[in-house]
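To start, the structure under review is shown below, and the notes come after it.
The values are calculated or read from the model by the stated rules, or taken from the named source; none is laboratory data. Note that the structure is predicted; figures quoted are calculated from it, not measured. Here the Cβ positions follow ideal geometry from the backbone for every residue, glycine too, while neighbour counts run over all protein chains shown. Accessible surface is based on the protein model in full, side chains and every heavy atom, while ligands, DNA and RNA are left aside. Shrake-Rupley method; radii C 1.70, N 1.55, O 1.52, S 1.80 Å.
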Amino acid sequence: MVSHFTRFPVTDATTPPTAALVAVIPAYQEAATIAAVVTRLRDAMPGLAVLVVDDGSTDGTAAIAAAAGAEVLGGGANQGKGAALRLGMRAALARGARFVATLDGDGQHRPEDLPRLVALAAPDVIVIGSRRRAVGQPAARRRANRVADFWISWAARHPVSDSQSGFRLYPAAALADLARYEGRARRFSFESEILIDAARQGITTVAADIPALYGATLRRPSHFRPVADIARIVIMVAGKLLARGMDPVGLWRSLAAAPPRKQEKPDAPTS
C-alpha cells in the first residue's frame, strides 16, 4: 500500500502502459477549450485513448473533440457531471482499462501533469491531482473545498487532499460498482461519494501536487456552485456517517493522520 501523501518522482509517462490507461473527459459547452485539452493530453501521453463524454452541449463541443482525435460519447440531454463520468468510465472498463484518468474539459487542469498522477498509480490507490499547495484558488472556492475535505476525510477514515479536484487516476477496482450511483449523484457529489465508498473497500486516496489554474486561464465560469454543491456533498457524507453512528473512529483517524498545515500564501490576483 502506498502511504498517504507519499510523493514519487515521475520516471516514465508510459507506466502503467497507455494500453492499460484510458482518459475520460466530461464536457458541457467546452467548444472554446476542448480541442486544446485533447491535443495536449495526446501529446503528453502518446497512444493514450481519450474519451470525451459530451453532456448535452449545443456549441459544437462533440464535433470539435472528435476533430482533435478523441472518441466522443453521449450527446443526449444534459445529465450532469457525475452521470457523464460514469458513462465514460463504463466505456473505458469495457475496453479493458486497468486505470481511468479523469480531467475537466475547461482547461482547469494541465494535461501535461497527468504523468505526475501516473507515477503514483497502484491497483489499490486513487490519485488526486491536488491544488492544496498551490496559490491562485479563489478564496470562496478554497474555503468550500476545505469544508468538503474535512467531511470526506472523516467518512473515508483517512485525510483526502483536494477532494473536489476532478483531475484523478482511478484503478479499475474503484469503479466496479458504478450502478449504485444511478438515479442520484448526477452532479459533483459522485466524485466525493466514490472516494468514501472506495476507502471502505480498502482503496486509499493519495495526492499528486498540481497547479491551480483560474482567472484568465479559464474561458467560462465554473459549473461548480460552491454553496449548493458543497451542501449536497455534506448531506451525502452526513448520511454515511449517521449510518455508522457518526464514526468517531473515522474522525480520529482522519485528523491523526493529517499532515501539519502550512501557512497559506495570499491568493494571486485573478482576472
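Below is a table of values for the structure above.
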{"quantity": "Residue identified as open to solvent by less than 50 Å² (accessible area, probe 1.4 Å) and without any contact (Cβ under 8 Å) to a residue 12 or more places away in the chain among Arg131, Arg146", "calculated": "Arg146"}
{"quantity": "Every residue from the range 60-118 that is farther than 12 Å from Tyr28 by Cα and assigned to a loop (DSSP other than H, G, I, E, B)", "calculated": "Ala68, Gly69, Ala70, Arg95, Gly96, Ala97, Arg98, Leu103, Gly107, Gln108, His109, Arg110"}
{"quantity": "Lone unmet requirement of (1) open to solvent by less than 10 Å² (accessible area, probe 1.4 Å); (2) modelled with pLDDT under 85; (3) small (Gly, Ala, Ser) for Ala198", "calculated": "(2)"}
{"quantity": "Residue within the range 175-193 that is in contact with a strand residue (DSSP E or B) (Cβ under 7 Å, 6 or more places away or on another chain), within 27 Å of Arg86 (Cβ to Cβ), at pLDDT 70 or above and not hydroxyl-bearing (Ser, Thr, Tyr) present", "calculated": "yes"}
{"quantity": "Filter pass, Ile230 being surrounded by 13 or more Cβ atoms within 10 Å (Cβ to Cβ) and at pLDDT 55 or above", "calculated": "yes"}
{"quantity": "Only listed residue being more than 15 Å from Phe167 (Cα to Cα) and modelled with pLDDT under 95, chosen from Thr58, Thr39, Thr33, Thr14", "calculated": "Thr14"}
{"quantity": "Filter result (surrounded by fewer than 23 Cβ atoms within 10 Å (Cβ to Cβ), more than 20 Å from the chain's Cα centre (by Cα) and among the polar types (S, T, N, Q)) within the range 46-79", "calculated": "Ser57, Thr58"}
{"quantity": "Qualifying residue in the range 101-112 (condition: surrounded by 23 or more Cβ atoms within 10 Å (Cβ to Cβ), among the small types (Gly, Ala, Ser) and in contact with a Leu (Cβ under 7 Å, 6 or more places away or on another chain))", "calculated": "yes"}
{"quantity": "Failed item in (1) open to solvent by less than 10 Å² (accessible area, probe 1.4 Å); (2) at pLDDT below 95; (3) in contact with a Leu (Cβ under 6 Å, 6 or more places away or on another chain), with Gly82 passing the rest", "calculated": "(3)"}
